[in-house]
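To keep things clear, I will list the structure first and then write my remarks on it.
Bear in mind these aren't lab numbers, they're just calculated from the coordinates by the rules spelled out. All values derive from a computational prediction rather than experimental measurement. All Cβ positions, glycine included, derive from the backbone under ideal geometry; neighbour counts span all protein chains shown.
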Amino acid sequence: MLDDVVLKENLKSITWTRLRDGVQIGHFSSTNPAVGFGPSQIYVKKFEPREKGKSEITLFLLHDLCQYHGRYVHFIEWVREHIPGVTCIAMDFVGHGLSSGTRGQFEKFDYLVQDFHNLLDYTEKKQNEKWIVLGHGMGGLVALDLLNRFQESAGLRIDGLILSNFILKFQSIFLQMEEQILSEKNVFKKILAQTRPARFFLGKDLLTDPLEVLTYEQDPLIIHRPTLNSVKELQKKTQNIYQDSYFIDRPLLLLKSEFGNALATEGMEYFSKGIKKELLTEKKYSLMKHDLYNERDKEIVYQDILSWMKSYEA
């Protein structure tokens, strides 16, 4: 049962309510255009550390297309068990998870970035606290875009980045048809953008463990068919992401799965070439598929993240 006690509320903030000991949930309005009776609401979940640490860290978790904050549940519990002083804050993008909006739909990629910008604005950063952003797939693209477009505002508050499998590719005959149709002026252009022609994220493409594949396929909050508009927005961002690596000026951990990853491209190799070597740490996983945080050997990934956080803090 939710506690009715409001933990924080002001004009520009998130209203937090206690879900259980050490866990709170909150909401704020999305910048995605309003649908129906009002603006979409972004769902946020905060997990406080079980133990105090020598330093305080807030880890912001940004999920992939079609997914939601629940895909990080194993990782978050591991962090709370093994890393003192780390607060985890996970948000669901508009149209995903427990956020409102049309399922699997966002009008523009920029709206995702602005919503994350607002989350940072609504979060108080304590003195000597470090902020790290972990973005997987689409979430990694959002983190990069924010860092490069808002260097003088929210970007200044981010101390480190963890990006995994974030340069995506989508191959489908429907996308080829869409290119031809949208190049012409016709009444079907807007209608087509809202269609859901194909599944791009299959459980077997993301995970090696049959039980995890089944869990993914049966999860009611997983979106199996995003709209064509959302896919096209991600495609555009992916095509223009490579120059962003030259502007990264803080520690970066890149995580890449290499086993049967039908969604990630070789573009991560090219992306890493533009980053200053003293800032970059790369980890590759030859026996893991796309969804690193839920793979059979996921604790290897968790340990790599822990080691990186300790090394760059030293």
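The table for this structure:
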| item | result |
| --- | --- |
| Amide H contacts of I162 (H built 1.01 Å from N, under 5 Å, at least 5 apart or other chain) | V133, L134, G135, L253 |
| Paramagnetic reach from Q235 (point 7 Å along Cα→Cβ, amide N under 20 Å) across the stretch 142-171 | 142, 166-171 |
| Dimensions in Å of the stretch 264-304 - Rg and Dmax from alpha carbons | 11.9, 32 |
| Cross-link pairs K108/K236; K45/K298; K52/K125; K204/K256 - those with Cα-Cα distance over 19 Å | K45/K298 |
| Packing-based ranking, highest mean first, of 137-143, 42-48 given that Cβ atoms within 10 Å are counted | 137-143, 42-48 |
| J(HN,Hα) series, the stretch 62-77, from Karplus relation 6.51 cos²θ - 1.76 cosθ + 1.60, nearest Hz, glycine and proline x | 10, 8, 7, 4, 6, 9, 6, 4, x, 6, 9, 4, 5, 5, 4, 5 |
| Pair K108, D219: separation of 7 Å Cα→Cβ label points (nm) | 3.0 |
| Kirkwood-based Rg to Rh ratio, the stretch 85-153, C-alpha trace | 0.97 |
